[in-house]
Each structure stands twice: as C-alpha cells, then as structure tokens.
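Everything below concerns the one structure shown next.
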Amino acid sequence: MTKTKFTTLDSLSLQGIDEDAELIPLMTPEDEEEINNEELPEVLPILPLRNTVLFPGVVIPITAGRDKSIKLLDDANLGNKTIGVVSQKEEEIENPTSNDINQVGVVARILRVLKMPDGNTTVILQGKKRFEISDILQEEPYIKAKITAVPEARPAKESKEFGAIIESIKELALEIIKESPNIPSEASFAIKNIESNSFLINFVSSNLNLPIGEKQKILEINDLKDRALSALKYMNVEFQKLELRNDIQSKVQHDMSKQQREYFLHQQMKTIQEELGGVSHEDEIEEMKTRSKDKKWSKKVKEHFEKELSKMRRMNPQVAEYSIQRNYLDLFLDLPWNKFSKDKFDLKRAMKILDRDHYGLDEVKKRIIEYLAVLKLRNDMKSPILCLYGPPGVGKTSLGKSVAEALGREYVRISLGGLRDEAEIRGHRKTYIGAMPGRIIQSLKKAGTSNPVFVLDEIDKLSAGNQGDPSSALLEVLDPEQNSEFHDNFLEMGFDLSKVMFIATSNSLNTIQPALRDRMEIINVTGYTIEEKVEIAKQHLLPKQLVEHGLDKSHLKIAKAQLEKIVEGYTRESGVRGLEKQIAKMVRYAAKNIAMEEAYNIKVTNEDIIEILGAPKLERDKYENNDVAGVVTGLAWTSVGGDILFIESILSKGKGNLTITGNLGKVMKESATIAMEYIKANADELGIDPTIFEKYNVHIHVPEGATPKDGPSAGVTMLTSLVSLFTQRKVKKSLAMTGEITLRGKVLPVGGIKEKILAAKRARIKEIMLCEDNRRDIDEIKPEYLKGLKFHYVKEMSEVLQTALTKEKVKNAKTL
C-alpha cells in the first residue's frame, strides 16, 4: 500500500494528522470486489453520526466527543475494528437511542484512532457495505444491533446509458471543482483517478452540499443506476447555483472590492489619526457641517459651500488637493459673512476719543464726525474711502485706531509698502500649490466682522511687478459702487466690502494711480506747529516714553520751555517721530541715573538738554542776515513737510555764462533760466546796465547739495536773488517767499502752503510773500498758526521786486 494524501471535494482537513500519514488509497475495482465478497457479521456496535452520512468505499474522519462513542471506538479498536455507522434523524439530539437513528447504515472499518489534545477522539473510517438494522440488542454502554446486508442492484457492464451517466457525473464534478472557490484543485485528480463506478457515485454523493436527510435518501437507494441519477440531479442543481453565484459576483466584485478597499483604508486611516491624536476625515466633515448651521449665509453661498463640502467628502485625504479644499472650507467658515459690529453713535464721546489721542488734525476729526452723523441718521450708508495725505510722523496710521474705537468697530491694518503682486490683494486661484486668499480677505477673517475700520498703510508705495499691478487690483476694493461683490480668486465668491470703512495713508499723491486716487476722498494731514508739537510731547510722547522705560512722571519733568527748545533745536520734521526719539533719549538718561543710583535733575534745564542731546543741530535753519546781495530765503515743500532754503547768487568776470549748482532738478533749473531771461528782457525797467550780462558770469547755488531739490516754487526767490545781485540792493529783513514765475512776468500759485508757513515760523520768519491766488490757502489755516506773520500777496514780478528789495545798498557794494 502506497503513501497517499487523502482528498475530498469539500477539502476536509485532519487536524493533528501528518501529511505523510499512511492512508488507504482511493478504491479500485479489485478492492470493491473484495469488499462485496466479504461476509457481514451478524452483530455490530452502532456509532450514530450527528452531521454526516458515510457511503460505501468513502474514507472520512469523525470526531467523537460523546462518552458512549469514545467507549465504542476504544473497544472496537481493540477488537476486529469493524463497526456499524448510521446517521441520526435529528442533529440536535445529544444522546440518541435506537429510535433516533436511521435503519440503513454502512459497515465501516477503523483505519486509525487519534487522541486529540482537547480530550476528543478522532477516528478515520472507511465505509464498506450497506446494512439494515434488524434488531436492537443493547443500548448501554453503547448500541449493539443485529444487522442484515442490503442488496445492491448493479447495471450490466455493457450498459451504455449507465456509462453515459458516469461520464456526466465525472464531467460535472470536474466543472464544479473548477468553478467553486472552496474546493481545492487537487480534488480533480481524485475524480480522474477513480476507476470504480459505484465508488465514484458514493464519493460524489458523500461530498454533495445537501442536508443529512437528503444524503440518507441517496444512501438508501438500492439501484446503483437510480442512485447515480439522483446524485447527478443534485449535482446539476449545485452547478447551476454555483454558476449563478459566480455570475452575480463577477458583476459586483469590482465595485464591491473597490468600495471595500477604500472603506478599509479609510477605517485604517481613521484609526491611525485617532491614535496620533488627530481628527479623522469623517469627523472633520461632520464638524464643518455642524459649524455651517450657524452661519448667516445667503442661499447662493450656502449652496456653494454644500457643493464644495460634498466634493471634499469624495476626495482621498492623501492627495494634495485635499488640504487645499480643507483650507478653503475652513476659510469659508471663518469669514464673517453678514456679521457686523454695532456702531456707537455717541458723537460727543467720539469727539472726546479723537481729541484725547490726537492733538490738532481738526479737518480729519471733522470729517469723521460728519460720517458718524450721517450714518446715525441713515444707518445703511456705504462707508467712505478716506485717504489721509501728509508727511511722515503726523499720526495718520494711529488715527485709524482712534476712529475704530470711536465707532466701536474692530481695527485691522495692512502695509502696502513695496507690494508688487496682485495676488496679495486678490488671492491665488486655489488650483495652485500654496494657494491662499488675498490680504483683504485674510484681514477680514482676523477682524471677525464685516464692517471693521481697515487701514491701508502707505498706499503711495505700491509698485507694479511681473505678477501684475496691485494698485489696479485695489480699484475694486476701494470703489463703493463695486466692492459689495469683491471677488477674491481663492474664495471664488463675491464678498461684501461696502460696510468696511477704509482709511488709506499716503506721503505723496504723485505716485498714486489717478484712477485709484479718484476713488478716495483726500484729506490733507499737514504738519504741526511748534506749539502743537510741544503740546503733543507734553500730553502723549513724554508719558508714553516714561511707561516704556519703566518710569513714572515723578522721575522726570520737562517744562514747556525746554520742550520748545528740543523742538526748535533738534527736530526739523513736520511730524513728531524725530521729537519722540529725542524725548526717549532724555528718558533713557534718567533711567540710567536711577539704575546707577546717581544724582540728576528731575526738572530738566536747558543745560541738561545740551548735555544729553548735544549742541543744537538745526540752528542753520534760522533766518540769515540780509547784509549780502543775492541771498534770499525761499520756502519749499519736502516729503517730510515744509522747509526753508537759501538761494545764493554771485557774479564773476566772464562772458555771461549761467551756472546753477546745488543738486537741482530740471524744473528748478528752468526757473533760474526764466528768471535770468526775464531780467535781461526788462533790464531798463529794473535799472540794470545790459552790458553787465556780457562781462560777468552768473552762478546760482542752493546750499545742502546732498539734498535733491526740484519744483517751480523757487521761481520768485531766484528772480529776487538775481535782481538783488545785479543792483546790489538789500533784501527785506526776515522775509521768505514762494511762487512760480513766467516769462510774461506773472507769479503763479504753488502748493504745500501750510507746511511752508510752519517752516517759516520755525525759522523765525516775520513776512511771507505769496501769489494772490494762494490767499485762499491762508484763509483755511487757523489764525493761531498765523500769529506773528505778515503776508504780501502779489500777481506780477514787478510787485515781488518792489516789496522784497529795499533801496538801501549792501555794505561794500560792488561797482558793476
């Protein structure tokens, strides 16, 4: 007997049996003939089977757990190893009696008995011949019965019909093995190697997927041909079910496997994220859905959000687009859609706040109060776009905070200086890697309301680059007629900016795009007078610096006279930023002495100022004497406010050449040329010998050559300087002038009048000469600013010379 592996159609596994165990091979016709010739014993112990039916020739493993069954197997294994095997009528019966078992069974031979670790006994049985119980002899300790053989009708060997049935069984069995995923492919070898027809029928019947009762009926069929037909019928039904099941599975397998794969992956990701302390994909979506319920969205915005949330639900969290989509929806939820802070319409309180934080700036305060008054009456007014225009350090930016407090609104600020990317205003399209919303939308998200006070700082310092022109992008932001639907590329939805109060700041209007300037209401924030600077230093700057340096007002006191000395001698700006630095030096000096426990003057004196700040640096701005011909004081506007400048001219022997120095721009050089040509054309009226122009060279110089100077304002100053030079007449004392000239002898108006007036006061000027058309600018200035000044308004150059030049000659006048 050769070693062989035991194989059945349902892939029965024998736990604990070595795969090289010596088992009975598949039955051959000779084995079948030998079994048929054996005589059955008259009496056999009967082993009831709970959930299977043994067929003749078939080898099966049986696990015995009942005490009666184990006793029977032990006794039989010690004897002739032959037992009777029958199936129970009811599987649930634990201790079957003779009435609970079928009458037809199979005589079986015990091939091997194995004791399992769990206490059960596994026995390998091979069926031989069918029998029928004729009489029960005993019930204990196990059933014993008299048996009789059951005859089996076999068809003739030459029967073609039977042969065809056998071939059909083989073919169908091979098809079932091929189609069924639960039957190992090795089973096909077993089918092909079966030579006995009766064993093939019994082997197939034993492995059919049928209830025990149906298998028992097949066993009880005496005619082998009828048994074969019955088995073939059940096999056909089984094959049709298998085909139908496989067909259905093939249709849904792809979708199901894909869905299951994604489901399992998502579940694994969810578990990993929870282990790491994060939030799972589904939890994120649910959280967003919950947050969206409280939003005051329009129907259009709500539909857009739900569409984008649905898109995120379908996305794989591992792809790059998922994080962009999540950031997009987070922004959508964080933006203050239709969320407004309540305005405070107490105008007196608002005025107190503005006066408390800013000294002066009356025009700006007046405009803010006007806006509040109108808003109080209408309550739905579109916010204005204010542009505070003026030199640095006058409080333009900090004014925004005071306005926000006065209105009871949130305050946000962005600096536009050097901005050259349009996407900084409008945002990036969210299809790009690293996409983000523009700074307008980001700031509104930070503010938390749709109506904050929004300061656009340094709007004049925007610049165009390769990424577009941000000043053009601001056109929509700052247009009250368009910004109710401001489109941000990242947001992809219109956002209402019409309730935002925009306040822009600028040092110069020349660099602002004309279309952008047209959308804003320009408010000129001029420089401060000496008196205003002293008050600002006393009320704001000194207390602020004391706090920042850890001191209080008892540690340092600076009187108004000393503050005025600091302003006059150490600052020349229109604002107060430089003044604050000088005061900070004074406070640091006090802090150092306190820390080192050294004595110092709490009440600052003039000597202390010189000791701490050094000698006054700006005395050169004071008016210079009029003892030299050709030196005239002019007034100029600079980016830091007003300033005075000195025009000097001198004659030297030559051929009438004109030289101009002092880092002057094109316009200023042209003003000198115009003045020179006017004098030449009107030499007789001015009392000048025309031959002078051919004998002498003229050199005009404006000191401080390191400072660029340009503009038409110095026209009248140059004219006066040249006439004074040619006539050697003195210029009136403590006089400064500004104005543009023409070849026809006209004097034209210029700008920056208030800054120039303040510069004149700082320089101790007493009289100022202006164009008649500039009278309206003087009328707008507060009378206290004009105290101690006398104004001369002129229209013609002849009036300038008549007023500015005295008849007195300068000392040591040249003879020309």
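Pairs meeting the criteria (first residue in segment 420-436 and within 14 Å of Phe486 (Cα to Cα), second residue aromatic (Phe, Trp, Tyr) and part of a loop (DSSP other than H, G, I, E, B), beta carbons under 7 Å, at least 6 apart or on different chains) are Gly427/Phe490.
Of the residues Pro41, Pro56, Pro61, the single one that is modelled with pLDDT of 70 or more and either under 60 Å from the mean Cα position of the chain (by Cα) or surrounded by fewer than 16 Cβ atoms within 10 Å (Cβ to Cβ) (or both) is Pro41. Quick check on my filter: what residues within segment 98-135 are over 16 Å from Ile70 (Cα atoms) and part of a loop (DSSP other than H, G, I, E, B)? Matches in segment 98-135: Asn102, Gln103. Every listed requirement among (1) at pLDDT 85 or above; (2) surrounded by fewer than 16 Cβ atoms within 10 Å (Cβ to Cβ) is met by Tyr432 save one, (1). Contact annotation: residue pairs with Cβ atoms under 6 Å, 6 or more positions apart or on different chains, pairing a residue in segment 156-175 that is closer than 19 Å to Lys192 by Cα and at pLDDT 80 or above with a partner that is part of a loop (DSSP other than H, G, I, E, B) and of a type outside the set (A, V, I, L, M), are Phe162/Pro155.
Going by the conditions given, is Lys544 basic (Lys, Arg) and either surrounded by 20 or more Cβ atoms within 10 Å (Cβ to Cβ) or within 20 Å of Lys782 (Cβ to Cβ) (or both)? So Lys544 fails the test.
The residue that is nearest to the chain's Cα centre (by Cα), counting only those in segment 27-37 that are of a type in the set (D, E, K, R) and surrounded by fewer than 13 Cβ atoms within 10 Å (Cβ to Cβ), is Glu30.
Rundown of residues vs (1) in the same structural domain as Pro56 (by the TED database); (2) crowded, with 17+ Cβ neighbours inside 10 Å, yes/no style:
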position: Val123; (1), (2): yes, yes
position: Lys157; (1), (2): no, no
position: Glu167; (1), (2): no, no
position: Ala173; (1), (2): no, yes
position: Ile176; (1), (2): no, yes
position: Ser185; (1), (2): no, no
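Of all the numbered requirements in (1) in contact with a helix residue (DSSP H, G or I) (Cβ under 8 Å, 6 or more places away or on another chain); (2) under 30 Å from Glu287 (Cβ atoms); (3) not aliphatic (A, V, I, L, M), Lys339 misses one, and that requirement is (1). Identify the residue in segment 781-806 that is in a strand (DSSP E or B) and either at pLDDT 90 or above or out of contact with any strand residue (DSSP E or B) (no Cβ under 7 Å at 6 or more places or on another chain) (or both) and, among all such residues, is farthest from Thr717 (Cα to Cα). Among residues in segment 781-806 that are in a strand (DSSP E or B) and either at pLDDT 90 or above or out of contact with any strand residue (DSSP E or B) (no Cβ under 7 Å at 6 or more places or on another chain) (or both), the one farthest from Thr717 (Cα to Cα) is Lys790.
Look through segment 333-365, keep the residues that are among the basic types (Lys, Arg) and under 13 Å from Leu399 (Cα atoms), and return whichever of them is surrounded by the fewest Cβ atoms within 10 Å (Cβ to Cβ). Among those residues, the one meeting the criterion is Arg356.
Residue by residue through segment 390-415, note down the ones that are in a strand (DSSP E or B) and touching a helix residue (DSSP H, G or I) at 6+ places or on another chain (Cβ under 8 Å). Correct list: Tyr411, Val412, Arg413, Ile414.
The residues on offer are His304, His358, and the sole one that is farther than 16 Å from Leu491 by Cβ and either at pLDDT below 85 or not assigned by the TED database to the domain that holds Ala435 (or both) is His358. Of everything listed in (1) surrounded by fewer than 19 Cβ atoms within 10 Å (Cβ to Cβ); (2) modelled with pLDDT under 85; (3) within 24 Å of Asn37 (Cα to Cα); (4) in contact with a Leu (Cβ under 9 Å, 6 or more places away or on another chain), the single unmet condition for Ala149 is (2).
Is it fair to say Gly550 is under 30 Å from Ala763 (Cβ atoms) and not β-branched (Val, Ile, Thr)? Judged against the criteria, Gly550 is not a match.
Provide a single number: the residues in segment 388-419 that are without any contact (Cβ under 8 Å) to a residue 60 or more places away in the chain, touching a strand residue (DSSP E or B) at 6+ places or on another chain (Cβ under 7 Å) and surrounded by 20 or more Cβ atoms within 10 Å (Cβ to Cβ). Residues that pass the stated criteria total 3. A count restricted to segment 42-82 and to residues that are of a type in the set (Val, Ile, Thr) and within 20 Å of Glu94 (Cα to Cα) stands at 6. Scanning segment 65-97 for residues that are in a strand (DSSP E or B) and surrounded by 21 or more Cβ atoms within 10 Å (Cβ to Cβ) turns up Ile83, Gly84, Val85, Val86, Ser87. Regarding segment 506-526, can at least one residue be identified that is assigned by the TED database to the domain that holds Arg439, in a strand (DSSP E or B) and within 33 Å of the chain's Cα centre (by Cα)? Yes, segment 506-526 contains at least one residue that is assigned by the TED database to the domain that holds Arg439, in a strand (DSSP E or B) and within 33 Å of the chain's Cα centre (by Cα). Of the helices (runs of 4 or more DSSP H) lying entirely inside segment 690-780, the ones with 2 or more residues being over 30 Å from Lys533 (Cα atoms) and among the hydrophobic types (A, V, I, L, M, F, W, C) are found at 692-695, 715-727. Condition (residue is exposed (fewer than 14 other Cβ atoms within 10 Å of the Cβ), of a type in the set (Gly, Ala, Ser) and either in the same structural domain as Ser508 (by the TED database) or without any contact (Cβ under 8 Å) to a residue 60 or more places away in the chain (or both)) applied to segment 307-316: is it met by at least one residue? Yes, some residue in segment 307-316 is exposed (fewer than 14 other Cβ atoms within 10 Å of the Cβ), of a type in the set (Gly, Ala, Ser) and either in the same structural domain as Ser508 (by the TED database) or without any contact (Cβ under 8 Å) to a residue 60 or more places away in the chain (or both).
The values are calculated or read from the model by the stated rules, or taken from the named source; none is laboratory data. Keep in mind that this is a model prediction, so the values were computed, not measured. Ideal geometry is used to build each Cβ from the backbone, glycine not excepted, and the neighbour counts take in all protein chains shown.
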